[in-house]
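Please read the structure below before turning to the comments.
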Amino acid sequence: MSIFGKADKTISITTNTIVKLILVAVIAFVSLQALGNITHQLRLIFISMFLAIGLNPAVSFIMRRIHSKSRLRATGIAYIIVVALLAGFLLLVVPPLVKQTSRFVSGVPNTLNNLKYQDSALSSAIRRYNLEDSVDDVIANYQERFKDNLSNVGAPIVNTAGRVGGLIISAITIFILTFMMLVEGPLWFDKIISLQPDGKKKKRKEIAQRMYKVITGFFYGQVIIAFIAATFAAIMLFILNSVFGTSVNPIALAGIVFIFGLLPLVGNILSASIVVLICLISSAPMALIMLGFFIVYQQIENATLQPYIQSKKNQLTPLTVFVAAILGAGLAGLLGALAAIPIAGCARILLEEYLSSHFPNYETFSNHNKVNQSSE
């Protein structure tokens, strides 16, 4: 008897139970190892699927315009347009960027040497505190390190070539996967819907279409936001070119702002860093003004454009959009930040569907809230 007056109970574990637990642990371990080995491949598939969903409305539009039922032909036309735009962007951005960077690197010694003789506040400070020898030492060290880097340039070139080669292979993989998903995607969707129970087929198809609209809405909403940011950046760069007499390429830098602006929240930070550094090569005051411009614009975008355009496209509140983007960036970096908002929109649809099917009063409550929000 136990001290509580009840009979002691013994728990027996059979050999079969132990074997099953060991098998489950082994299977879980092997599965995690397998997922770890194919993480990169799964990432490429996810990116391709996201791009295919985003480009599908364009392919459907081309099919209607050319009066053709061939998705292969429409996808090919869409791909030709995308490749032409990318090639034009690279030709517009890369040559002036490389030219300005090489000019800046080679001109650093002369720039430092001229500081000793210029009539400026920094030059006066150098002469006042007798820092001419220190400037000469900096120039000598810079030239020595530049020569060392040139003599040891082999290994960095090999490493850079390896990374570039890996990026090219990944880009080609995404290119092919996206093309195949665009061509075969509707067929696979119809097959999956046909396998659903007859009583739930129509409802699940409607849910899938609503989720599809959320993803495409986010895709094109982000394009609109990036285009607005690039437009304002180009206008500002044109103005500063005229004021300071510099030769910075506004269209090329606006293209950088647009590409990185497709990434929510963090895109503007990356593009601003690149643009400010390029402006610094031509003019320090111009770089400072552009830095201030990006700080102000990012605050405005994060408080107005980003939440409200995406909340309208995804029917999410601005707070939900902001929180989803932050959590996505923390969990999976840039890819997580890009996918977090449409995933949150799809989760909202699934949650609403569950609540409306299990709680009869939820749909009436939801419609009442929507009426109040629209009246406000």
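The values are calculated or read from the model by the stated rules, or taken from the named source; none is laboratory data. The structure displayed is predicted, hence computed values, not measured ones. The area values use the complete protein model at the heavy-atom level, side chains included, leaving out ligands, DNA and RNA. Shrake-Rupley method; radii C 1.70, N 1.55, O 1.52, S 1.80 Å.
Heavy atoms only, probe 1.4 angstrom, no DNA, RNA or ligands counted: give me ARG73, ARG65 ranked by accessible area, highest first. Don't skip to the end; give the middle numbers.
Working: ARG73 145, ARG65 165 Å².
Sorted descending by solvent-accessible area, the residues read ARG65, ARG73.
Students sometimes get this wrong: rank GLU206, GLU132 by accessible area, probe 1.4 Å, all chains present, largest first.
On the way: GLU206 80, GLU132 55 Å².
Largest accessible area first, the list is GLU206, GLU132.
How do VAL257, VAL82 rank by accessible surface area computed with a 1.4 Å probe, from largest to smallest? Numbers along the way, then the final one.
Details: VAL257 0, VAL82 55 Å².
Per-residue accessible area, sorted high to low, gives VAL82, VAL257.
Round to the nearest 10 and report in Å² the accessible area of ILE62, as given by a 1.4 Å probe over the protein chains' heavy atoms.
We get 20 Å² for ILE62.
With every protein chain left in place and a probe of 1.4 Å, what is the accessible surface of SER242, to the nearest 10 Å²?
Accessible area of SER242: about 100 Å².
At a probe radius of 1.4 Å, what is the per-residue accessible area of PHE232, in Å² to the nearest 10?
Result for PHE232: roughly 110 Å² accessible.
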